[in-house]
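Participant: Supplied in structure tokens, the structure appears directly below.
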Amino acid sequence: IKIFEKQDLFEAIQESAQVVYVTHNYQKLVPSKLNLIRTTAQFVKQNPNVQRFIAVTPVELDNYFESDPQNEAIKSENDARSTYPNLTLIKSDVTVGNYSQFVHFVAGSLANNKMLQLNSSQESAYPINACDLADAVVTAIGQNETRGKSYLAQGPQEQKLADIIQTVEQLIGVKYKGGSSFLGLSPSQNNILSELTYPANTRNFSRFLTTYQTPKSDGFEKITSIKANVRGLDLSLIHISEPTRLLSISYAVFCLKKKKQQS
């Protein structure tokens, strides 16, 4: 179901038995997206037929236009849980693999010699394969004991973002040459010229690269409690098709309808 308006979201949820919210990439106007998880929780609460509500929030898709992105994300997630206490929250560390927007962004930047800025003192990530994250969501839908719980999805290997980028370099056979910028402007800069030069999703990913923090684990169970085996960064687990094309999906709410029984 494609959601274009708030009313569309409301009507879709009213017809649904399970709702899976997935954080968007802030490609469009940020203010209209900041309250999406809260609004989704409110609409779910209004439908007594919803059996499961699961929110999946990969760290690279948080809102890095905020001065404190991680805590702002935590606040919105806590607000959603206050509205709907049975919310199952799955917070993901950096995703890798075929369906990772992070990998596609890095591959596209490398292929087009776009600027990639990193913080040398950056914390380490524990990347998780996007397919394992998806499997965990499917498992959570089928397990009643996951209601009202929060899970942190991380892979087994500790790695710096620079190491992940080097792995993508090997994969697509392109060595990062330092990247080019327009008139010396960086997409991570917070000024009107950068806003006019770079699209919002590029600026958000760029700020993520320079400000990444390991997701906070307080109050979270490990994802391995519902998904036994999770994989980290592995060349054999990543397939890049059309590396110059960046994904354009801004956000998603999946509404799973009950199948009508035939009489």
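Participant: Please list, ordered by chain and number, the residues whose modelled amide H lies under 5 Å from the amide H of K222; skip anything fewer than 5 residues away on the same chain.
Facilitator: Result for K222 returns L152.
Participant: Related question: Heads up, I need the accessible area for V138: 1.4 angstrom probe, whole protein in place, Å², nearest 10.
Facilitator: 100 Å²
Participant: With r defined as the distance between the Cβ atoms of S225 and K75 and R0 fixed at 22 Å, what FRET efficiency is calculated, to the nearest 0.05?
Facilitator: After rounding, the FRET efficiency stands at 0.30.
Participant: Among the DSSP beta bridges whose two residues both lie in region 14-164, what percent are antiparallel, rounded to the nearest 5? Display every interim value, and only then the final one.
Facilitator: Values: 1 of 17 bridges.
Roughly 5 percent of the DSSP beta bridges within region 14-164 come out antiparallel.
Participant: For the pair I172/S67, report the inter-label distance in nm, with labels modelled 7 Å from Cα in the Cβ direction.
Facilitator: 3.5 nm
Participant: Here's something else I'd like to know. Using modelled backbone amide H atoms (1.01 Å from N, in-plane), which distant-in-sequence or interchain residues come within less than 5 Å of L87's amide H?
Facilitator: Amide H neighbours of L87: G148.
Participant: Between N47 and N98, what is the label-point separation in nm under the 7 Å Cα-to-beta-carbon projection?
Facilitator: Computed distance between label sites N98 and N47 equals 2.9 nm.
Participant: Can you list residues from other chains, or at least 5 along the same chain, whose modelled amide H is less than 5 Å from the amide H of V96?
Facilitator: So V96 has HN proximity to I128, N129, A130.
Participant: Excluding N229 itself, calculate the net charge of residues whose Cβ lies under 12 Å from the Cβ of N229, where each Lys or Arg counts +1 and each Asp or Glu counts -1. Provide the component values of the computation, followed by the final result.
Facilitator: Working: positive: K227, R231; negative: D132, D135.
Summing Lys/Arg as +1 and Asp/Glu as -1 gives 0.
Participant: Of the peptides 162-168, 64-70, 16-22, how do they stack up when ordered by the mean number of other Cβ atoms within 10 Å, highest first?
Facilitator: On the way: 162-168: 18.0, 64-70: 16.0, 16-22: 20.9.
For the peptides 162-168, 64-70, 16-22, the packing ranking is 16-22, 162-168, 64-70.
Participant: Pop a pseudo-label 7 angstrom from the Cα along the beta-carbon direction at both D218 and S82 and give the gap in nm to one decimal.
Facilitator: Those two pseudo-labels are separated by 1.7 nm.
The values are calculated or read from the model by the stated rules, or taken from the named source; none is laboratory data. Remember, it's a predicted structure, so these values are computed and weren't measured experimentally. Neighbour counts run over all protein chains shown; Cβ positions are idealised from the backbone, glycine included. To get the accessible areas, we keep the full protein, side chains included, count just its heavy atoms, and leave off ligands, DNA and RNA. Shrake-Rupley method; radii C 1.70, N 1.55, O 1.52, S 1.80 Å.
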